[in-house]
Amino acid sequence: MTTTVQANTWVSDIVSEMPRTGDLFRELRIDFCCGGKIPLRQAAEERGLNTDEVLVRIEAIAREDAERQELKPSSLEPEALIAHIQRKYHEALREELPALTPYVTKLARVHGGHRPYLLRVQEIFSLLKHDLLEHTTDEDRNVFPRLSAYFRDPSEANAAALKPHLTELESEHEAAGELLKELREITGDFVPPMDACGTHRLVLNRLEALEKDTFEHIHLENNVLFDLARKAV
């Protein structure tokens, strides 16, 4: 399969078309959620990467996707997309964040003295936990119902009422993205030290999974759902 992706294709559009490229961009530290609305060439050059080599890897993912015929969330209708986001990401966050908390706390308490970066890991995780749980609750209770009403009646009045909520959510997404980027930086790409204990390895593994899901989550909202709302009028 040959893709339509070129050097001037926006990074966010690539992930919308082929969701699994999000894994590649995370590996390459290319922002595809908050900062994804830039051409691939620009994103690659900013990371010191060869654009053609990145395109080759995207082509490989396209071939695999053609064989697997995966569902693209970006192809869903707005109501189905909202339900998908709530089911796959919101519910998962409400389970994972409290479950991971005691492990992060134990790791910082036991090993933070001789590995101070783990104290910062705990701080960042606490901020993320608070912000993401508050954020998703606000979306479920207030913003998503407004979005649903807007898709049913995309009037100018409903658009004006919705706009500040979307702007605020995007700002919160950016803040969460920055915290996740710092987590990746201070943990050396979530790679545990050679002598790391089981808890240390567990925490870094699950934080990396949290990063993956959160970036996918933010991308679907910023670059698919919210864009659909802005185009509805």
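Each value in this text was obtained by applying a stated rule to the coordinates, not by laboratory testing. All of these numbers come straight from a predicted model, not from anything done at the bench. Ideal geometry is used to build each Cβ from the backbone, glycine not excepted, and the neighbour counts take in all protein chains shown.
For region 122-131, in order, what is each residue's ³J(HN,Hα) by Karplus, 6.51 cos²θ - 1.76 cosθ + 1.60 with θ = phi - 60°, in whole Hz (x at glycine and Pro)?
Per residue, the Karplus-derived 3J(HN,Hα) values read 4, 4, 5, 4, 4, 5, 4, 4, 4, 5 Hz.
Using the basic label-point model (7 angstrom from Cα toward the beta carbon), what is the GLU27 to VAL110 distance in nanometres?
So the label points at GLU27 and VAL110 sit 3.1 nm apart.
To make sure I understand, if each residue's beta carbon is the centre and we count other beta carbons within 10 Å, what order do LYS72, LYS231 fall in, fewest to most? If you can, show how the numbers build up before the last one.
Working: LYS72 12, LYS231 8.
Lowest count first: LYS231, LYS72.
Once you keep just the Cα pairs under 8 angstrom separated by 6 or more residues, what percentage relative contact order results for the chain?
On the way: 190 pairs, mean separation 62.3, N = 233.
Relative contact order, the chain: 27 percent.
Using the Karplus equation 6.51 cos²θ - 1.76 cosθ + 1.60 (θ = phi - 60°), what ³J(HN,Hα) coupling, rounded to whole Hz, does each residue of region 196-211 give in order, writing x for Gly and Pro?
Going residue by residue, I get 5, 7, x, 5, 4, 5, 4, 4, 5, 4, 6, 5, 5, 5, 4, 4 Hz, with x marking Gly and Pro.
Give me SER126, SER74 ranked fewest to most by other Cβ atoms within 10 Å of their Cβ, as a rough exposure proxy. Provide the component values of the computation, followed by the final result.
Values: SER126 15, SER74 19.
With the fewest neighbours first, SER126, SER74 line up as SER126, SER74.
If you stretched the chain out fully between GLU134 and ARG120, how much longer would it get, using 0.36 nm times the residue separation minus the C-alpha to C-alpha distance? Walk me through the intermediate numbers first.
Numbers: separation 14, 0.36 × 14 = 5.04 nm, distance 2.11 nm.
Net length gain for the segment: 2.9 nm.
So how do THR21, THR51, THR4 line up by other beta-carbon neighbours within 10 Å, fewest first? Don't skip to the answer; put the middle values down first.
Working: THR21 24, THR51 17, THR4 9.
Exposure proxy ranking, most exposed first: THR4, THR51, THR21.
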